[in-house]
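K.L.:
Submitted below is the structure of interest, expressed as structure tokens.
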Amino acid sequence: EVKAYFSQSISYGGVSLALLYMNVISIGGIMTSYLLSKGLRLDLLGIWRGVASIVGMVGTVTYRFSSNRTSLKNTAMWSICYFLGWVSICYCALLFLQDDYNNDDNGSVKSNSDIIGINNEKDENDTNTIALSTLIVGTCMSRIGLW
């Protein structure tokens with residue numbers, strides 16, 4: 001049955017669509033739980049989900065415009081590069097996002113401020129806010145490249 005499926009010319013498009021829906025780069029359930037665990041307020045999360053939906057619609061219009069103006073191959077190439085660029089920004093934001101606690105070798109819990117030498121909690125909160133904002137904006141903007 002698998003051989004019959006992959007012998008059809010459209011099979012790779014179906015596989016790529018299935019992989020697209022397995023993507024976690026969206027403000028869905030997993031991202032919502034993560035953002036809430038990092039302290040993002042529910043009202044801001046709702047606003048960002050609305051922005052992500054609007055950006056997804058812009059991506060649909062952009063795809064239609066681009067595929068009519070250029071070839072489908074060129075549209076696919078720029079959208080993959082666009083998506084990769086924004087996902088890379090999201091990844092960098094995650095590198096700067098600080099966890100609340102880390103364990104040392106003895107099993108005791110140390111705060112990040114003790115580990116990296118920051119004594120001011122305001123600096124840590126500002127870094128987390130910027131990193132979360134960058135993560136959300138990158139996630140929203142990457143949606144254009146997916147459509």
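K.L.:
How much accessible area per residue does region 1-78 have, in Å², with a 1.4 Å probe?
P.N.:
75 Å²
K.L.:
Just the number, please: carbon plus sulfur as a percent of the accessible area of region 56-95, 1.4 Å probe, no ligands or DNA/RNA counted.
P.N.:
Carbon and sulfur atoms account for 74 percent of the accessible area of region 56-95.
K.L.:
Suppose R0 equals 22 Å; then what is the FRET efficiency for T70 and S9 from their Cβ-Cβ distance, rounded to the nearest 0.05?
P.N.:
0.50
K.L.:
Another question, if that's okay. How would V55, V137 rank on accessible area, largest to smallest, probe 1.4 Å?
P.N.:
In descending accessible area the options line up as V137, V55.
The values are calculated or read from the model by the stated rules, or taken from the named source; none is laboratory data. Here the structure is a predicted model, which means the values were calculated and not measured. With ideal geometry, Cβ positions are generated from the backbone for all residues, glycine too; neighbour counts draw on all protein chains shown. Just the protein is used for accessible areas: all its heavy atoms, side chains included, with ligands, DNA and RNA removed. Shrake-Rupley method; radii C 1.70, N 1.55, O 1.52, S 1.80 Å.
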